[in-house]
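Working notes for the structure below.
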Amino acid sequence: VVAYRSSLANLQSKGCGAMRVLVIGAGASGLVTAKTLRERGHEVNIVSDSERVGGTFENKAYKDARMVSSKFLTLFSDFRKPDAEVHMSLKDYVTYLEQYKSHFQLGGLMRMGTAVLDVKRKADGSYTVVLQCAGETTVREEAWDAVAVCSGLHNIPRIPVFPGQEGFKGKILHSSTYKDPEIFRGQRVLVIGTGETGFDIGYAAATHGASAVTMSTRHGFVSVPSAFKPELPPLDCIIMNFGTHYWESDWAARVGLHWWITTKFTRMGFLIMTGTTYGFNQWVGKRYNMTWEEGRKHIVNKSNKCMPLMSRKAKKQASWWQRKLYSYWDGDTSVGQDIDLIEGSIAKLEGNAVHYNTNKGGQTSVDVDVVVLATGYRQRFPFLFPGPDEKPAEGAEFRGTDDPLPEEHFIVNPEEPRLAYIGFIRPNVGAIPPMSELQAMWWCEKLEGKLKCKAPDYYKLKDSRLNYGVDYGYYMFALAREMGAVPSLFHWFFRRPKVAITACFGQAHVPIFRLQGPWACKEAEETCSTELYTQVMRRPFMMNFIFFFEAIAFAVINSVIGVLETKVGQALAVAGAGLGLAMSSRGDVMRSLRN
């Protein structure tokens with residue numbers, strides 16, 4: 001209470017009026033947004049139609065479900081859990097959110113079992129919100145200065161409609177209703193979709209007595225495990241910021257110079273280690289837009305237990321030396337059964353058969369008893385865009401269309417800054433909760449008119465079917481740049497070198513954006529110099545040596561490009577080119593005279 005009053009007084013002293021803000025949703029994004037807003041002195045209330053905190057992590061959980069992002073990346077900047085597993089179970093992560101709620105005393109701000117029916121903007125820029133409590137028939141209207149939508153990406157299932165579906169003799173369920181793999185015992189199972197949930201369900205079916213397991217994909221995927229070995233840092237901790245996410249020239253960031261170079265080395269590494277360039281030990285399911293030129297376009301599937309069960313079947317058709325050399329990555333071959341993969345689109349359902357048009361121009365079919373639709377979720381905000389959940393879309397394979405997301409970093413529209421969408425992005429290799437934390441901080445700065453600049457949106461994934469797919473590191477640094485929260489490597493190198501090493505050679509962990517700027521705190525400095533620094537040092541020596549060499553190379557390249565981007569540099573380049581042409585022409589004249 002004392003901290004809240006102090007924050008409120010500080011806000012008012014700066015001429016910024018404290019607002020009454022309604023947060024919709026009690027998942028990770030809703031909790032961190034409410035905590036962040038209250039920290040700035042705003043009056044906050046959280047409403048959720050659920051009875052428990054956790055959002056998707058609570059409502060869509062299933063047996064043995066685990067986080068694919070590590071605790072080092074996922075946990076909030078000022079509430080760390082050193083004793084937690086590296087990749088927490090969903091149950092443990094929900095417990096973490098409960099502890100976060102208690103630690104920051106958010107319980108008194110919450111109204112659970114309360115649905116939001118309508119949100120309307122008034123002429124003065126504030127909002128009228130219509131609410132309905134569970135078990136009540138009446139509704140109530142409330143006035144709020146601002147609204148934060150934190151209802152989550154994974155809310156309304158995306159349900160495909162296939163020809164002949166009404167006559168299908170098997171069972172069809174969406175992955176959102178899946179809870180226990182025992183439903184697959186003795187069944188022929190088809191999983192449609194190869195995202196992380198699809199991989200989890202395919203593996204569960206293959207290891208819990210299904211008589212046959214098939215997965216299908218239309219566009220392919222990129223599979224890289226969330227962790228390679230227990231003694232190594234997880235995947236999301238072996239990425240470097242310097243010259244990759246920041247501290248590079250504008251031209252290099254715009255064209256994706258880092259990705260253009262490192263994509264080739266990454267794919268060659270996959271080939272040497274696992275015999276394939278599609279992904280790590282990924283012998284099937286090549287992503288449709290996988291090229292050697294540009295890697296900044298893929299959302300990586302990090303749920304890797306299913307991949308060996310698909311790859312080992314493909315390896316049986318390879319030469320003996322490939323099987324001998326690359327089967328190491330498949331682990332214990334007695335675990336689970338082989339999984340078939342169909343690459344193509346469903347033509348029709350007939351009896352127990354599912355018929356496909358394959359991507360290679362042929363046809364195939366599979367007999368199944370259970371079809372699991374791991375087809376994702378729709379982007380719907382019925383309280384903002386009224387209408388039936390199922391909107392007909394001509395020629396669409398799926399029932400319904402998506403509601404739009406805002407223009408500015410997927411957080412707000414410029415003409416409506418008091419309505420924020422928090423957590424509606426998909427990172428390539430990252431996690432949504434820390435992105436939500438930085439988004440909430442950015443929104444506070446936006447409301448108070450304190451953003452320092454406008455960062456370009458180079459973070460958008462190229463050729464991605466998800467318009468909200470982003471490069472995690474680029475996105476985080478874009479928001480931090482606008483807030484003035486990018487740490488100074490020079491400053492920290494002399495003050496606390498371990499912090500500088502973490503910020504430079506580590507991943508875009510949210511604590512590094514609290515080292516300096518409007519949200520700086522001592523806890524972030526300690527986290528960077530201990531917990532996160534340790535992950536950098538846990539990498540193999542050769543990996544850090546390569547990162548160091550890469551940093552030096554990118555520093556030289558970007559320094560030259562940076563000079564050429566200035567007017568003086570451009571003038572010198574033009575003058576040099578002119579001088580070169582002149583010398584060449586003079587040489588041609590002299591040779592002509594001698595001849």
Seminar exercise, completed: Conditions (1) within 26 Å of Tyr356 (Cβ to Cβ); (2) within 23 Å of the chain's Cα centre (by Cα); (3) of a type in the set (Gly, Ala, Ser); (4) surrounded by fewer than 20 Cβ atoms within 10 Å (Cβ to Cβ) -> Ala227 fails only (1)
Seminar exercise, completed: Here the residues within segment 246-265 that are among the polar types (S, T, N, Q) and farther than 23 Å from Ala503 by Cβ are Thr263
For this session: From Pro434, Pro406, Pro414, grab the single residue that is free of Cβ contacts under 8 Å to residues at least 24 places away in the same chain and open to solvent by less than 10 Å² (accessible area, probe 1.4 Å).
Result: Pro406
Exercise. Which one of the conditions (1) within 30 Å of the chain's Cα centre (by Cα); (2) over 26 Å from Glu43 (Cα atoms) does Val119 fail to meet, given that it meets all the rest?
Worked result: (2)
Exercise. For residues in segment 456-471 being touching a Phe, Trp or Tyr at 6+ places or on another chain (Cβ under 8 Å) and open to solvent by less than 40 Å² (accessible area, probe 1.4 Å), which is farthest from Trp247 (Cα to Cα)?
Worked result: Tyr468
Exercise. Within segment 504-516, which residues are over 25 Å from Phe545 (Cβ atoms) and either of a type in the set (D, E, K, R) or open to solvent by less than 40 Å² (accessible area, probe 1.4 Å) (or both)?
Worked result: Val510, Pro511, Phe513, Arg514, Leu515
Exercise. Has segment 244-258 got any residue that is touching a strand residue (DSSP E or B) at 6+ places or on another chain (Cβ under 7 Å), open to solvent by 40 Å² or more (accessible area, probe 1.4 Å), assigned to a loop (DSSP other than H, G, I, E, B) and in contact (Cβ under 8 Å) with a residue 60 or more places away in the chain?
Worked result: no
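This table checks each residue for (1) in contact with an Asp or Glu (Cβ under 8 Å, 6 or more places away or on another chain); (2) modelled with pLDDT of 95 or more; (3) part of a strand (DSSP E or B).
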{"residue": "Gly15", "(1), (2), (3)": "no, no, no"}
{"residue": "Ala18", "(1), (2), (3)": "yes, no, no"}
{"residue": "Leu22", "(1), (2), (3)": "yes, yes, yes"}
{"residue": "Ala26", "(1), (2), (3)": "no, yes, no"}
{"residue": "Ser29", "(1), (2), (3)": "no, yes, no"}
{"residue": "Thr36", "(1), (2), (3)": "yes, yes, no"}
{"residue": "Ile46", "(1), (2), (3)": "no, yes, yes"}
{"residue": "Ser50", "(1), (2), (3)": "yes, no, no"}
For this session: Within segment 447-471, track down each residue that is of a type in the set (A, V, I, L, M) and part of a loop (DSSP other than H, G, I, E, B).
Result: Leu451, Ala455, Leu461, Leu466
Problem set entry | Number of the exception - Tyr178 against (1) open to solvent by 20 Å² or more (accessible area, probe 1.4 Å); (2) farther than 22 Å from Pro433 by Cβ | (1)
For this session: Answer yes or no: is there a residue in segment 113-126 that is within 30 Å of Ser345 (Cβ to Cβ), of a type in the set (Gly, Ala, Ser) and either open to solvent by less than 40 Å² (accessible area, probe 1.4 Å) or at pLDDT below 95 (or both).
Result: no
Exercise. So which strands (runs of 3 or more DSSP E) stay within segment 292-391 end to end and still have 2 or more residues that are open to solvent by 20 Å² or more (accessible area, probe 1.4 Å) and of a type in the set (S, T, N, Q)?
Worked result: 353-358, 363-367
Exercise. With Ala480, Ala485, Ala440 as the choices, which residue is open to solvent by less than 10 Å² (accessible area, probe 1.4 Å), in contact (Cβ under 8 Å) with a residue 12 or more places away in the chain and not in a helix (DSSP H, G or I)?
Worked result: Ala485
Exercise. What about Tyr203, is it touching a residue at least 40 places away in the same chain (Cβ under 8 Å), within 23 Å of the chain's Cα centre (by Cα) and open to solvent by 40 Å² or more (accessible area, probe 1.4 Å)?
Worked result: yes
For this session: Test Ser303 against the criterion of being under 21 Å from the mean Cα position of the chain (by Cα) and hydroxyl-bearing (Ser, Thr, Tyr), and give yes or no.
Result: yes
Exercise. Which numbered condition trips up Ser77, out of (1) over 20 Å from His509 (Cβ atoms); (2) not in a helix (DSSP H, G or I)?
Worked result: (1)
Exercise. What pairs come up if the first residue lies in segment 79-100 and is touching a residue at least 12 places away in the same chain (Cβ under 8 Å), the second is among the basic types (Lys, Arg) and part of a loop (DSSP other than H, G, I, E, B), and their beta carbons are under 8 Å apart, counting only those six or more places apart or on different chains?
Worked result: Val94/Arg52; Tyr96/Lys81
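The values are calculated or read from the model by the stated rules, or taken from the named source; none is laboratory data. Not measured: the values here are computed from a predicted model. Ideal geometry is used to build each Cβ from the backbone, glycine not excepted, and the neighbour counts take in all protein chains shown. Ligands, DNA and RNA are stripped out before the accessible areas are found, and what is left, the full protein with its side chains, is counted by its heavy atoms. Shrake-Rupley method; radii C 1.70, N 1.55, O 1.52, S 1.80 Å.
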